[in-house]
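Here's the structure we're looking at; comments come further down.
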Amino acid sequence: MKTIVFTAPPGGVLLSRVGAVTGEVELRKQGDQVMARYHGSRDRWRPVAGRPPALFRNDLPALADILSQDPGTDRDGNPIPARF
């Protein structure tokens, strides 16, 4: 299965049910879902929070580019995790 590796923004990438992953993240498609985990780990793949934009749903490099963008900080200055 094709995967792509990218660097998460400061707040990480938000995954469903497990929270954010930071650093080098590995991304893949599994059916209609976009799945992620720490790069090089043997952890289970987890779905990325939210729904990917329909235009890029099958474009793994574009999805990684979207998730690598820094969404900024919250009102307390904490990094916000990326999500769809």
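Couple of notes before you dig in:
- Search result, residues across the range 25-43 that are touching a strand residue (DSSP E or B) at 6+ places or on another chain (Cβ under 6 Å) and either in a loop (DSSP other than H, G, I, E, B) or not hydroxyl-bearing (S, T, Y) (or both): V25, E26, L27, R28, Q33, V34, M35, A36, R37, H39, D43
- Filtered residue count, the range 62-84, keeping only those that are within 13 Å of the chain's Cα centre (by Cα) and surrounded by 11 or more Cβ atoms within 10 Å (Cβ to Cβ): 14
- Candidate set: the range 25-45, residues that are among the charged types (D, E, K, R) and surrounded by 18 or more Cβ atoms within 10 Å (Cβ to Cβ); chosen: the one nearest to K2 (Cα to Cα): K29
- Cβ pairs under 9 Å, 6+ apart, first in the range 1-21 and more than 17 Å from P47 (Cβ to Cβ), second surrounded by fewer than 15 Cβ atoms within 10 Å (Cβ to Cβ) and at pLDDT below 95: V5/G40
- So R51, is it charged (D, E, K, R) and free of Cβ contacts under 8 Å to residues at least 12 places away in the same chain: no
- Top-ranked residue in the range 44-84 [being in a helix (DSSP H, G or I) and in contact with a helix residue (DSSP H, G or I) (Cβ under 6 Å, 6 or more places away or on another chain); ranked as nearest to P10 (Cα to Cα)]: L63
- Matching residues in the range 8-19 - criterion: being in contact with a Lys or Arg (Cβ under 9 Å, 6 or more places away or on another chain) and surrounded by fewer than 19 Cβ atoms within 10 Å (Cβ to Cβ): S16, R17, V18
- The range 54-72 - residue that is of a type outside the set (A, V, I, L, M) and without any contact (Cβ under 8 Å) to a residue 24 or more places away in the chain and, of those, nearest to T3 (Cα to Cα): D59
- Test: residue in the range 68-80 that is touching a Lys or Arg at 6+ places or on another chain (Cβ under 6 Å) and either at pLDDT 95 or above or polar (S, T, N, Q) (or both): no
- All of (1) exposed (fewer than 15 other Cβ atoms within 10 Å of the Cβ); (2) in a loop (DSSP other than H, G, I, E, B) hold for V5 with one exception: (2).
- R51 meets all of the listed conditions (1) of a type in the set (D, E, K, R); (2) surrounded by 14 or more Cβ atoms within 10 Å (Cβ to Cβ); (3) within 15 Å of R83 (Cβ to Cβ) but one, namely (2).
The values are calculated or read from the model by the stated rules, or taken from the named source; none is laboratory data. Note that the structure is predicted; figures quoted are calculated from it, not measured. Don't worry about glycine lacking a Cβ; one is built from the backbone with ideal geometry, like all the others, and counts go over all protein chains shown.
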